[in-house]
Amino acid sequence: MDERRQLRIGMVGFGSMGRTHAYAVNNLAYFYGTLPFRASVAGVCTTSYERSVALAEEYGLGTAAHDFDELIAREDIDIIDICTPNTLHFDMICRALDAGKHVLCEKPLCVTAEEAAIIARKERESGRTCGMVFNNRFMAPILRAKQLIDEGRLGRILSFRISYDHNTSTFAEKAPGWKQTAEFGGGVLFDLGSHIIDLLRYLCGDFDFVQGQEQIAFDRHADWQTDADEAFYITARLKNGACGTIVANKLATGASDDLSLVIFGERGSIRYELMEPEWLYFYDNDRPSSPIGGERGFTRIECGGRFPAPGDTFPSPKASVGWLRCHVGSMYEFLSAVAEERAFSPSLADGAYVQSVMLAARESDRRGGVRIEVVAP
Ligand SMILES: NC(=O)c1ccc[n+]([C@@H]2O[C@H](COP(=O)([O-])OP(=O)(O)OC[C@H]3O[C@@H](n4cnc5c(N)ncnc54)[C@H](O)[C@@H]3O)[C@@H](O)[C@H]2O)c1
């Protein structure tokens with residue numbers, strides 16, 4: 001008899017991320033071999049019961065629920081996985097925790113500071129394992145970058161540039177969705193900014209100060225309007241004194257899923273591009289230098305599929321990897337934490353921290369910068 005702990009997941013929302021999470025759950029054994037737990041999607045709930053029934057059948061998602069109340073009341077569900085539009089996260093997290101479930105939530109955590117504070121407190125008091133989906137933490141080059149930074153190989157961090165570019169707001173004919181509507185928690189700061197603010201904090205530490213600037217370049221597209229930021233620019237100082245820029249931009253003509261970061265330290269630097277996820281670039285300032293070059297220069301460190309064991313066997317560590325793989329890693333680490341009854345990082349409190357940085361940046365933009373007064377010659 002299989003005595004491994006059964007982890008049964010109820011998914012709410014099954015758009016692009018619901019599908020991604022279900023793929024991760026259903027394929028864990030391929031990537032990690034025999035798991036120390038068993039995991040399955042036991043139920044799904046979307047805006048329409050008929051649609052949920054069809055999805056459950058198509059993707060093997062257990063039994064469809066008529067609504068969220070029914071999903072969280074079910075005793076055959078241990079974990080609620082929230083993949084709905086941003087404004088729905090707060091209420092769903094609170095109700096799932098009140099029902100005694102473990103909770104995994106997509107980014108951003110929520111919309112307001114009040115919501116973030118309530119969620120962080122509820123998480124602390126719940127005794128449940130909760131987590132955010134900040135999947136970029138689980139790319140192999142980021143795991144390696146974290147190791148190098150924690151080992152002190154960069155020394156004191158001096159400065160950084162991190163950006164996340166998409167081209168999606170440059171299409172006049174694009175059909176608007178909730179992500180282009182402020183009322184539903186849309187806007188690029190919450191959407192892409194949340195990822196890179198978390199990533200920067202994960203690698204370099206807590207924030208001290210931010211100054212933000214929002215941009216809406218196309219308030220009127222072909223036949224629709226947006227009131228949500230299409231690009232957001234932040235200058236930031238961290239508590240360790242490092243300064244730099246954070247840019248979330250959907251006005252980036254030619255970009256695909258271009259997350260890019262560079263971190264400069266006293267002893268070394270790192271560079272990483274999400275669209276080239278096989279490599280981490282590391283400059284070691286401790287290498288010998290000489291008038292004709294010495295040994296200094298950026299090293300291209302092979303990372304690719306070199307995930308922590310047992311996630312390093314399939315496909316081969318030298319095979320190329322993609323975006324989906326970091327969602328598989330994120331899901332594996334979260335479910336391992338649930339099975340072992342321990343806390344998970346990134347937690348909902350980490351999501352609340354990111355929320356406070358984003359809201360501070362937005363508030364600083366509202367207060368305004370200093371308008372340039374050109375002095376007449
Ligand atoms: N981590 C990542 O890589 C990543 C990428 C994209 C989106 N996201 C996040 O994932 C979340 C979902 O985004 P998406 O792109 O999948 O959106 P989507 O629009 O593709 O899907 C949303 C889903 O929620 C369902 N839904 C809406 N209202 C509902 C309700 N009241 N009850 C039940 N279901 C409801 C819809 O039917 C749909 O199935 C968002 O918070 C977004 O920010 C994360």
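Each reported figure results from applying straightforward, stated rules to the coordinates on display, with no laboratory input. The shown structure was predicted, so the numbers you read here are calculated from the model rather than taken from an experiment. Heads up, the Cβs are rebuilt from the backbone with ideal geometry, glycines too, and the neighbour counts pull from every protein chain shown.
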Helix-only mean residue ellipticity at 222 nm for the chain, each DSSP H run of n ≥ 4 adding -39500 (n - 2.57), per residue, nearest 500: -10000 deg cm²/dmol
Chain lengthening between residue 57 and residue 75 when straightened (0.36 nm per residue, less Cα-Cα): 4.4 nm
Among 308, 36, 291: highest mean-square fluctuation, GNM of the chain, C-alpha pairs under 10 Å: 291
Under Karplus coefficients 6.51, -1.76 and 1.60, residue-wise ³J(HN,Hα) of region 232-240 in Hz, glycine/proline x: 9, 10, 10, 9, 9, 10, 8, 5, 7
Per residue, the convex hull volume that the Cα atoms of region 246-377 enclose (Å³): 250
Distant-in-sequence amide H partners of residue 64 (H built 1.01 Å from N, under 5 Å): 44
Cα-only radius of gyration and Dmax that characterise the chain, units Å: 21.7, 87
Exposure proxy ranking, count of Cβ atoms within 10 Å, fewest first, for 174, 101: 174, 101
For region 29-102: rounded, prolate or oblate by the Cα gyration tensor [a/c cutoff 1.5]: oblate
Of all DSSP beta bridges in the chain, antiparallel share, percent nearest 5: 55
Partners for residue 239 among lysines (Cα-Cα distance below 30 Å; same-chain residues under 8 apart left out): 107, 122, 146, 250
In nm, spacing of pseudo-spin labels at residue 6 and residue 158 (7 Å Cα→C-beta vector): 5.8
Of 134, 209, 171, the one that fluctuates the most in a GNM where the chain has Cα springs shorter than 10 Å: 171
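With Rg and the Kirkwood Rh both taken from Cα atoms, where does Rg over Rh land for region 1-158?
1.02
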Gaussian network model of the chain, springs between alpha carbon atoms under 10 Å - residue of 197, 142, 118 with greatest fluctuation: 118
Long-range amide H partners of residue 166 with built H, under 5 Å: 249, 250, 251, 252
